[in-house]
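Below is one structure, written out as structure tokens; comments come after it.
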């Protein structure tokens with residue numbers, strides 16, 4: 001199993017390749033992402049915790065790594081991250097619970 005940091009590197013590599021191959025499309029996506037992830041009515045930490053829960057529900061290991069890292073960077077505690085993750089389990093059931101393996105791994109890696 002790859003570490004969360006390795007998954008983040010894979011994201012960076014993919015985005016870099018897409019910026020060369022389809023610059024207009026990935027540029028538009030990046031602009032949309034930056035606009036929606038900035039603090040407005042919701043603070044960044046809250047948005048990262050929501051994105052984490054959605055990433056778990058979507059069963060995206062890369063999203064989990066990205067948004068645990070983002071949540072930690074925004075000041076989220078382990079307890080807040082786990083509570084957010086459990087909201088995905090509540091709404092998505094057993095498959096989401098199994099993705100808690102990736103959440104725990106990312107927490108251990110990014111909270112030192």
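The values are calculated or read from the model by the stated rules, or taken from the named source; none is laboratory data. If you're wondering where the values come from, they're calculated on a predicted model, not measured in any experiment. Counting neighbours? That spans all protein chains shown, and the Cβs are built from the backbone with ideal geometry, glycine included.
Scanning the range 82-110 for residues that are under 15 Å from residue 58 (Cβ atoms), surrounded by fewer than 20 Cβ atoms within 10 Å (Cβ to Cβ) and touching a residue at least 40 places away in the same chain (Cβ under 8 Å) turns up just one, 100. Within the range 7-32, the set of residues being exposed (fewer than 12 other Cβ atoms within 10 Å of the Cβ) and within 30 Å of residue 83 (Cα to Cα) comprises 12, 31, 32.
Tell me yes or no: at least one residue of the range 101-111 is over 11 Å from the mean Cα position of the chain (by Cα), over 19 Å from residue 5 (Cβ atoms) and outside any loop (DSSP other than H, G, I, E, B). No: zero hits. Here residue 67 does not fit the description of being under 23 Å from residue 15 (Cβ atoms), at pLDDT below 95, part of a helix (DSSP H, G or I) and within 14 Å of the chain's Cα centre (by Cα).
Could you identify the single residue in 26, 11 that is out of contact with any strand residue (DSSP E or B) (no Cβ under 7 Å at 6 or more places or on another chain), in contact (Cβ under 8 Å) with a residue 40 or more places away in the chain and in a helix (DSSP H, G or I)?
Testing whether each residue is out of contact with any strand residue (DSSP E or B) (no Cβ under 7 Å at 6 or more places or on another chain), in contact (Cβ under 8 Å) with a residue 40 or more places away in the chain and in a helix (DSSP H, G or I) leaves just 11.
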